[in-house]
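Asker: After the structure tokens below, expect a handful of questions from me.
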Amino acid sequence: IINIEIKENSYVLIVVRDVSGTKELEKLKKIDKMKMEFLSMMSHELRTPLSAIKAYSETLINSLDILDKDTLSEFLNTIFKESNHLDKLLNDLLDFSKLELKSLTLRRESFEFTELINEVISSLEEFSKTNDVKIILKSNENIILNLDRTRIKQILVNLIQNAIKYSDSKKEDKYVQINYEQNEENIIIYIEDNGMGIKEEYQEKIFEKFFRADSSLNYEIQGTGIGLSIVKELVELHNGKILLESEFEKGSKFIITLPKGVI
Ligand code: ADP
């Protein structure tokens with residue numbers, strides 16, 4: 001390992017360490033392997049929406065005169081949906097690298113939580129309908145927060161989207177229930193689903209980078225395994241914490257506690 005540091009612009013510190021045959025080397029090899037796996041998985045994830053966009057737009061260009069209005073609208077909707085998916089993947093990737101480089105800073109502002117949660121639910125309405133999952137909001141308490149509104153929205157969208165994504169197709173009444181309350185210092189948010197649940201041995205791991213439980217792989221649900229690691233880091237940047245309670249095949253509940261930031 002060669003580390004090069006520039007010390008206060010005056011001298012260069014070069015540290016050379018021979019790590020061959022040590023545990024450190026094994027660790028580095030493991031990280032390297034994870035990086036390669038991540039790159040190949042990310043390329044695949046990016047290619048899927050991009051291929052759809054290419055195919056649909058190519059058909060539009062070549063057959064514009066013969067397509068009826070409904071087909072035209074269906075094609076354009078798919079292109080729009082897939083572009084949004086691509087946008088989300090790239091944003092996740094950007095956030096992920098910012099968090100790794102510790103260069104993500106919060107922009108605090110004062111806002112009302114009920115308004116934000118309703119905005120989040122509206123934005124996910126179509127996604128929940130297509131997946132036949134009902135979103136239930138249990139509280140309408142007025143809570144003023146002074147946090148990074150965009151980042152809190154991102155946390156909520158991610159968790160609710162996961163709750164919909166990992167719903168259990170065998171169940172009749174699929175739901176995501178959102179509740180929240182406050183105490184003197186914190187807001188506590190509960191996001192609960194009756195989806196596929198998470199096996200006990202995976203419950204701590206799901207917050208790790210790249211980790212995906214076998215159920216998401218078995219059911220071929222799209223994903224990169226970085227969403228929850230970003231969520232956890234964003235919660236912690238706000239000095240909050242996130243907990244999971246889950247039972248395999250029953251459902252999951254994420255509990256987020258955030259200091260309100262209001263003096
Ligand atoms: P992704 O969804 O891209 O795989 P995440 O980091 O968001 O990545 O989630 C990591 C893993 O945690 C998922 O692959 C899935 O196995 C599991 N998971 C997350 N949320 C839920 C949920 N609400 N119910 C069941 N499993 C979940």
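The values are calculated or read from the model by the stated rules, or taken from the named source; none is laboratory data. Nothing here was measured: the structure is a model prediction, and the numbers come from that model. Heads up, the Cβs are rebuilt from the backbone with ideal geometry, glycines too, and the neighbour counts pull from every protein chain shown. Please note that ligands, DNA and RNA were not included when accessible areas were found on the heavy atoms of the full protein model with its side chains. Shrake-Rupley method; radii C 1.70, N 1.55, O 1.52, S 1.80 Å.
Asker: What spacing in nm lies between the two simple spin-label points modelled at Asn146 and Lys205, each 7 Å away from Cα in the Cβ direction?
Answerer: About 4.2 nm separates the two model spin labels.
Asker: Something else: Tally up the carbon and sulfur contribution to the accessible surface of region 148-222 as a whole percent, 1.4 Å probe, everything protein left in place.
Answerer: 41 percent
Asker: Something else: Quantify, in whole percent, the carbon and sulfur part of the accessible surface of region 16-87 (1.4 Å probe; protein heavy atoms only).
Answerer: 59 percent
Asker: With every protein chain left in place, what is the accessible area per residue of region 76-121 in square angstrom, probe 1.4 Å?
Answerer: 62 Å²
Asker: Tell me the net charge near Thr150. Cut-off is 10 Å between Cβ atoms, Thr150 excluded, with +1 for each Lys or Arg and -1 for each Asp or Glu.
Answerer: Within the 10 Å Cβ shell, the charges total +2.
Asker: Additional query: Could you please state, rounded to a whole Å, how far the C-alpha centre of region 136-154 is from the C-alpha centre of region 66-135?
Answerer: A separation of 17 Å, based on Cα centres.
Asker: Please list, short to long, the whole-number percent of alpha-carbon pairs of region 1-136 in consecutive 5 angstrom bins beginning at zero.
Answerer: So the P(r) values, bin by bin, are 2, 7, 8, 10, 13, 13, 12, 9, 7, 7, 6, 3, 2, 1, 0.
Asker: For the chain, what's the radius of gyration and Dmax over Cα atoms, in angstrom?
Answerer: In order Rg, Dmax, the Cα atoms of the chain give 21.9, 70 Å.
Asker: Over region 159-241, with the other protein chains present, what is the accessible area per residue in square angstrom, probe 1.4 angstrom?
Answerer: In whole numbers, region 159-241 has 50 Å² accessible per residue.
Asker: Shape of region 164-263 from its Cα gyration tensor (a ≥ b ≥ c, root eigenvalues): rounded if a/c is under 1.5, otherwise prolate when a/b > b/c, or oblate?
Answerer: oblate
Asker: Let me ask another. Rounded, prolate or oblate: which one fits region 88-182, using the alpha carbon gyration tensor with axes a ≥ b ≥ c (rounded when a/c is under 1.5, else prolate when a/b beats b/c, else oblate)?
Answerer: Note, shape of region 88-182 comes out oblate.
Asker: To the nearest 500 deg cm²/dmol, what mean residue ellipticity at 222 nm is calculated for the chain from DSSP H runs of n ≥ 4 alone, each contributing -39,500 (n - 2.57), summed and divided by the residues?
Answerer: Calculated from helices alone, the mean residue ellipticity at 222 nm is -16000 deg cm²/dmol.
Asker: When a/c reaches 1.5 or more, the comparison of a/b and b/c decides; with that in mind, is region 222-263 rounded, prolate or oblate per its Cα gyration tensor?
Answerer: Note, shape of region 222-263 comes out oblate.
Asker: Next up: Report the paramagnetic label zone for Glu172: residues of region 221-263 whose backbone N is under 19 Å from a point 7 Å from Cα along the Cα-to-Cβ axis.
Answerer: Within reach of a label on Glu172, which here means backbone N under 19 Å from a point 7 Å along Cα→Cβ, region 221-263 contributes 250-251.
Asker: When we measure straight from the Cα of Lys102, which aspartates and glutamates land under 13 angstrom away, once same-chain ones fewer than 8 places off are left out?
Answerer: Within the straight-line limit of under 13 Å, Lys102 reaches these aspartates and glutamates: Glu233, Glu236.
Asker: Listed here are the pairs Lys27/Lys98; Lys174/Lys250; Lys134/Lys253; Lys98/Lys209; which of them are more than 18 Å apart at the Cα?
Answerer: Violating the 18 Å limit, Cα to Cα: Lys27/Lys98.
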